[in-house]
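A short worksheet on the structure shown next.
The values are calculated or read from the model by the stated rules, or taken from the named source; none is laboratory data. In this text, all values refer to a predicted model and were calculated from it rather than measured experimentally. Counting neighbours? That spans all protein chains shown, and the Cβs are built from the backbone with ideal geometry, glycine included.
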Amino acid sequence: MKHSAGNRKIAARHQSRQYHAITQSGFTLVELLVSVALVLLMMVMFTEIFQIASNSITTQRGLSENDQRARMLTTLIQSDLNKRTFQNVLALDPGELLTSPPPNSSSFRDRRGYLYISENDPNNDSDDLIQFTVDAGITTKLLDTTPYYGTATLLGTGITPPGKTAETYHPNQPETDDARISADNSSVSPYAEVCYFMRGGNLYRRTLLIRKPLDLDTTRSLQPETSDGREFFNPAESLYSGNFWNDFDFSAYRTIADPYAHFHGVESLDNFNTSSLFLISHPNTRFGFNHATGRPREYVDDTDDVPQFFGRFTHQETSDPDFLYPQANSTAGGNNPMNPSGSTLDLDRTTNVVAQYASGSRRSEDLVMPNVIAFDIKLFDEGLGQFTDIGSSIAVDYASSATPAYHNNNPDSTHATNIFDTWGLSYDIDNADSDGIYITGADSPPFRPVNGSGSPRPLKAIQITIRYIDVSSQQLRQMTIVHPLRNLLAD
C-alpha cells in the first residue's frame, strides 16, 4: 500500500511538472496582440523608410537627368556660338568702304553671315532671342566637324542616272547634297541659320541649312533644277506645290520681283559682295523677317487681342498645310506670315501655338528644353564694365539704337529697337532715297560702340541665363553661360 501510495505521489508530481511546463511554453493573448502590433509597426516603419529612400532616389535621378540635359544644352549653345560665321563681332558699317586704303575680301573672312540679338523688354526675361549663321568647319577650339542635318523631300522622279533617261533623274536638288545615291528625305550642310527663343515655357532651337550643293557639273546652279535646266521652285514651271518648310529645313528667302522660295548658299555669307541684293546679312532675306521691309516679326496677338511674344515660327507651325510661305502665299491669317501688318494671327495661350497654324505634323522637333521660365541674354558693355541688357537704364554702349527705323513689331515702341545686329555694308532699311533698292542709301547699324579714341570696338562676350523648373523636385534651377566671343579664326 505504501508503495502504491508513493507511486501515486510520484506520478502526481510528474503530472504537475508537465502541466507547469506546458503552461509556461505558450503566450497569453495580450502577449500575442502586443507582438503582432510591434511587427505591424516595424513593417510600417520599414515601408516608410523604403518609400522615402525610393522617392529620394527618384528625385536624385530626376535632378541628375535634368542636370545632364542642362549640360547638353550648354554644350550645344556654346558649340553653335563657337561656330558662328561672324567671328569678329564688329558690326558692319557702310563707312568702312570709304577707308583708305579700301578693304578687300580677305578683310571680311571673319565677318561673314550675321549675328542678331533681340532684347525687347529689359525687365522681361522671357522675350529674348538670338539668331546667327554657323559654319561647322570652324574647329579652332572644338574639333567637332559634325555638319548640320535637316529634312529634304525628293523632287521629281529620281536622283540617280543608272537605267534612267536624262529627263527622269534630277541630281541638282537638296536631297543629293549629302552625296547619297538613294533618296532618304534628308540633307546636310556645314552651314546653317540657328535661332534660340523661348515661348510658353519651352526653349526652341530652330535650324535651317544653308545649301552647299555637290561640286558636280549637274549642280551648276544653287537653285534646284531638273536635268534640263528648269527650276523646281519657279511657279511658271509648275513642278512644286508643297509646303516649303515642311518639306525642306533650309534657309530661304522670297523676293518682291520673284515671289517664291530662293535658297541661300555659301555665297550668301560673303558680306564683301556689296553688289548682291540677297546676302543673308540683309535682314529682309533671313528667317523670321519680312522680305518687304527687312523688319523681324516677334509678336502676335492672343485671342483677346493682347500682343504676345512668340519669337519665331516653330516646326509645328511652318509644317501646317496652310503655311505655304515662302514658296507661295499662305492660306490662313494672311499671305505673308512674316508681315505683322499683312497677316492676322492669334496665339492660343492654352497650347502656345499660333492658332492658324496648329495642325503641323512636325511638333516639338525644334524643342530643346521644357519647363523654362527665363531665357535672358546680356551683352558685355565695355562702357559700363559689366553685362547688361540692350536698352537697359544702365547701359552705355547699348543704351539706344542709332537706327530707329530698324525695329521689330513689339507693341511697346520703347523696346522695339532693342536689337543688336552685325548688319551689312550696304543695306537701306528706311528706303530714304525712295528707290526701293536695299543696297543704295545704306544705313548704319543700330549699335557700333567706339572707344575713347573713336575707334569701333566689337562685342566681346555675352551672358545667357536659363532658369527652369525641375519637375522631379519642383525646384527652380538656373544655369548661366558666359561665352567670350573670341575670334577663333584669328587664334
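Would you be able to say whether some residue in segment 88-99 is free of Cβ contacts under 8 Å to residues at least 60 places away in the same chain and either exposed (fewer than 15 other Cβ atoms within 10 Å of the Cβ) or not basic (Lys, Arg) (or both)?
Yes.
Condition test on residue 333, is it surrounded by fewer than 20 Cβ atoms within 10 Å (Cβ to Cβ) and at positive phi?
yes
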Condition broken by residue 427, with the remaining ones in (1) surrounded by 20 or more Cβ atoms within 10 Å (Cβ to Cβ); (2) more than 25 Å from the chain's Cα centre (by Cα); (3) closer than 29 Å to residue 369 by Cβ satisfied: (3)
Residue match in segment 115-138 (condition: β-branched (Val, Ile, Thr) and over 14 Å from the mean Cα position of the chain (by Cα)): yes
Boolean, residue 175 is among the acidic types (Asp, Glu), crowded, with 22+ Cβ neighbours inside 10 Å and not in a strand (DSSP E or B): yes
Search result, residues across segment 365-389 that are without any contact (Cβ under 8 Å) to a residue 60 or more places away in the chain and within 14 Å of the chain's Cα centre (by Cα): 365
Qualifying residue in segment 248-256 (condition: surrounded by 21 or more Cβ atoms within 10 Å (Cβ to Cβ), over 19 Å from the mean Cα position of the chain (by Cα) and over 25 Å from residue 289 (Cα atoms)): no
Spans of strands (runs of 3 or more DSSP E) in segment 231-305 with at least 3 residues not aliphatic (A, V, I, L, M): 299-302
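Taking the conditions exactly as written (under 27 Å from the mean Cα position of the chain (by Cα) and closer than 30 Å to residue 466 by Cα), does residue 203 satisfy them or not?
When the stated conditions are applied, residue 203 passes them.
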Complete set of residues in segment 438-466 that are among the small types (Gly, Ala, Ser), in a strand (DSSP E or B) and over 17 Å from residue 130 (Cα atoms): none
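Suppose we filter 120, 66, 88 for residues that are in a helix (DSSP H, G or I) and touching an Asp or Glu at 6+ places or on another chain (Cβ under 9 Å); which single one remains?
Criteria check complete, one pass: 66.
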Qualifying positions in segment 64-123 - touching a helix residue (DSSP H, G or I) at 6+ places or on another chain (Cβ under 6 Å) and of a type in the set (Ser, Thr, Tyr): 85
Matching residues in segment 192-243 - criterion: being touching a residue at least 24 places away in the same chain (Cβ under 8 Å), among the acidic types (Asp, Glu) and over 21 Å from residue 255 (Cβ atoms): 228
Positions within segment 275-289 being in contact (Cβ under 8 Å) with a residue 40 or more places away in the chain and touching a helix residue (DSSP H, G or I) at 6+ places or on another chain (Cβ under 7 Å), in sequence order: 279, 280, 289
Residues of segment 467-486 classified as in a loop (DSSP other than H, G, I, E, B) and either modelled with pLDDT of 90 or more or aromatic (Phe, Trp, Tyr) (or both), total: 2
Those residues of segment 295-324 which are modelled with pLDDT of 95 or more and on the phi > 0 side of the Ramachandran plot, in sequence order: 311
